[in-house]
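Working notes, beginning with the structure itself.
The values are calculated or read from the model by the stated rules, or taken from the named source; none is laboratory data. Every value quoted in this text rests on a predicted model; they were computed, and no experiment measured them. Neighbour counts run over all protein chains shown; Cβ positions are idealised from the backbone, glycine included.
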Amino acid sequence: MMLTNREISTPHEYAQTIKPEKHTWRKIKRNYELYLFLLPIIILYLVFRYYPMYGVQIAFKDFSPSRGIWGSEWVGFKYFQQFFDSYNFWNLIENTITLSFLSLVFSFPVPIIVAIMLNQMLAKRYKKFVQSVIYAPHFISTVVLVGMLNVFLSPNSGIVNHIISFFGGKPVLFMADENWFRPLYILSGIWQETGFSTIIYLAALAGVNPELHEAAVMDGANKWKRVWHVDIPAILPTIVILLILALGNIMSIGFEKAFLMQSDLNYATSNIIPTYVYELGIQKSQYSFSTAIGLFNSVINIILIVAVNRIAKKLTETSLW
């Protein structure tokens, strides 16, 4: 039964008399400026994220550039089976998961700790100086970063080996040693990305109600107890969301730095799925095989992020969806 003008007493009742489609369109029309802000990112994702999915089908085809995607013959799961049966399948999985897991274990807590320490600083000038120093490496490109590692760790002219020699040690071939690949990868990542990640946690800490700290001080809580019982619970939802995203991308570790740091001498530990896909797809032109490996990697990531999201929702009641 439709409400008459006299029976409509609130905006909520009026909204119920309008069809959902018209109501949604009116909201969009009223706030069109906000949707215009979303337009560039929507176009970006459509062009660079969704449109390339058209080419995923070559993972199930014997792709030939001369015949094109549609003209190539379907081969089903041939290349997936070929990858599973390859001699270096388990080595690739082990290298990828180990490097990504170690990066997560050592890199993820550092921005949280740094953000809490900065939040406790009273000297504003010193706080801004520290923030600028740790944030600056984020703007260094990966190529420059690896170049710096080569310069600093050079066995002949690197400052690190000069210090080792000064104390009576022998120069170490850091960049060519497979045992040093993972520590260097992780430590350089911490140095480069800690400052940027810290901003997110500082923003979350800025939203903590000061009255909670005042009440904790009145109850006799010291700084450590205030951090543990006030600050950490306040940023816990942010920590959980970022952890879900990190665990969901555990198979998608950065390609560029691993590839630039890779050499024949450290290939045993530096050969991960992204570098292997590049080697097969670009250098050896095995397009179908490399696409199959990349698709397998993406499917594992989707399964991980869904599983981790569900676990986080049950344990903490915080999740992505």
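Quick one: in the stretch 48-101, which of the residues that are hydrophobic (A, V, I, L, M, F, W, C) and within 21 Å of the chain's Cα centre (by Cα) is modelled with the lowest pLDDT? I'd like the intermediate steps shown before the answer.
The initial filter retains those residues of the stretch 48-101 that are hydrophobic (A, V, I, L, M, F, W, C), namely 48, 53, 56, 58-60, 63, 69-70, 74-75, 77, 80, 83-84, 89-90, 92-93, 97, 99, 101.
Still in the list and also within 21 Å of the chain's Cα centre (by Cα): 48, 53, 92-93, 97, 99, 101.
Values: Phe48: 89, Met53: 85, Leu92: 92, Ile93: 92, Ile97: 91, Leu99: 92, Phe101: 91.
Of everything passing the filter in the stretch 48-101, Met53 is modelled with the lowest pLDDT.
Could you say whether any residue in the stretch 254-270 is out of contact with any helix residue (DSSP H, G or I) (no Cβ under 7 Å at 6 or more places or on another chain) and either on the phi > 0 side of the Ramachandran plot or surrounded by 14 or more Cβ atoms within 10 Å (Cβ to Cβ) (or both)?
The first filter runs over the stretch 254-270 and keeps only residues out of contact with any helix residue (DSSP H, G or I) (no Cβ under 7 Å at 6 or more places or on another chain), leaving 254, 264, 267.
Checking the rest, the ones that are also either on the phi > 0 side of the Ramachandran plot or surrounded by 14 or more Cβ atoms within 10 Å (Cβ to Cβ) (or both) come to 254.
Yes: one or more hits.
Does any residue in the stretch 118-144 that is closer than 13 Å to Gly195 by Cβ come within less than 8 Å, Cβ to Cβ, of a residue that is hydroxyl-bearing (Ser, Thr, Tyr) six or more places away or on a different chain, and which pairs are these?
Once the first residue is closer than 13 Å to Gly195 by Cβ and sits in the stretch 118-144, its partners that are hydroxyl-bearing (Ser, Thr, Tyr) give Leu118/Thr198; Gln131/Thr198; Ile134/Thr194; Ile134/Thr198; Tyr135/Thr198.
Take the stretch 73-90 and flag every residue that is in contact with an Asp or Glu (Cβ under 9 Å, 6 or more places away or on another chain) and touching a residue at least 40 places away in the same chain (Cβ under 8 Å).
Step one: of the stretch 73-90, the residues in contact with an Asp or Glu (Cβ under 9 Å, 6 or more places away or on another chain) are 73-75, 78-79.
Correct list: Val75, Tyr79.
State whether one or more residues within the stretch 207-214 are free of Cβ contacts under 8 Å to residues at least 60 places away in the same chain, in a loop (DSSP other than H, G, I, E, B), surrounded by fewer than 18 Cβ atoms within 10 Å (Cβ to Cβ) and at positive phi.
Within the stretch 207-214, none of the residues are free of Cβ contacts under 8 Å to residues at least 60 places away in the same chain, in a loop (DSSP other than H, G, I, E, B), surrounded by fewer than 18 Cβ atoms within 10 Å (Cβ to Cβ) and at positive phi.
Take the conditions within 29 Å of Leu265 (Cβ to Cβ) and outside any helix (DSSP H, G or I) and apply them to Ser188. Does it pass? Let's see the steps before the verdict.
Numbers: within 29 Å of Leu265 (Cβ to Cβ): yes; outside any helix (DSSP H, G or I): no.
No, not satisfied.
Could you tell me whether any residue of the stretch 216-236 is in a helix (DSSP H, G or I) and under 20 Å from Val306 (Cα atoms)? Steps first, answer last, please.
So in the stretch 216-236, the residues in a helix (DSSP H, G or I) come out as 216-218, 223-236.
With under 20 Å from Val306 (Cα atoms) added as a condition, the list becomes 236.
Among the residues of the stretch 216-236, at least one is in a helix (DSSP H, G or I) and under 20 Å from Val306 (Cα atoms), which makes the answer yes.
If I go through the stretch 237-260 residue by residue, how many of them are among the hydrophobic types (A, V, I, L, M, F, W, C), at pLDDT below 85 and part of a helix (DSSP H, G or I)? I'd like the intermediate steps shown before the answer.
Step one: of the stretch 237-260, the residues among the hydrophobic types (A, V, I, L, M, F, W, C) are 239-247, 250-251, 253, 255, 258-260.
Filter once more, so that each one left must be at pLDDT below 85: 245, 247, 250-251, 253, 255.
Adding the requirement that they be part of a helix (DSSP H, G or I) leaves 245, 247, 255.
The total comes to 3.
Suppose we filter Ile112, Ile93 for residues that are within 30 Å of Tyr287 (Cα to Cα) and either out of contact with any Ser or Thr (no Cβ under 6 Å at 6 or more places or on another chain) or without any contact (Cβ under 8 Å) to a residue 24 or more places away in the chain (or both); which single one remains?
Working: Ile112 fails: within 30 Å of Tyr287 (Cα to Cα).
Testing whether each residue is within 30 Å of Tyr287 (Cα to Cα) and either out of contact with any Ser or Thr (no Cβ under 6 Å at 6 or more places or on another chain) or without any contact (Cβ under 8 Å) to a residue 24 or more places away in the chain (or both) leaves just Ile93.
Return the pairs, sorted by first residue and then second, in which the second residue is part of a helix (DSSP H, G or I), the first residue lies in the stretch 32-54 and is without any contact (Cβ under 8 Å) to a residue 40 or more places away in the chain, the beta carbons are less than 8 Å apart, and the residues are 6+ apart or on different chains.
Between residues of the stretch 32-54 that are without any contact (Cβ under 8 Å) to a residue 40 or more places away in the chain and residues that are part of a helix (DSSP H, G or I), the close pairs are Tyr35/Ile28; Tyr54/Ile69.
Given the criterion within 15 Å of Ile190 (Cβ to Cβ), assigned to a helix (DSSP H, G or I) and out of contact with any helix residue (DSSP H, G or I) (no Cβ under 8 Å at 6 or more places or on another chain), identify the matching residue among Ser132, Ser100. Don't jump to the end; show me each part of the working.
Values: Ser132 fails: within 15 Å of Ile190 (Cβ to Cβ).
From the options Ser132, Ser100, the qualifying one is Ser100.
With the structure loaded, tell me whether Pro183 is without any contact (Cβ under 8 Å) to a residue 12 or more places away in the chain, within 20 Å of Leu104 (Cα to Cα) and out of contact with any Lys or Arg (no Cβ under 9 Å at 6 or more places or on another chain) or whether it fails that test.
yes
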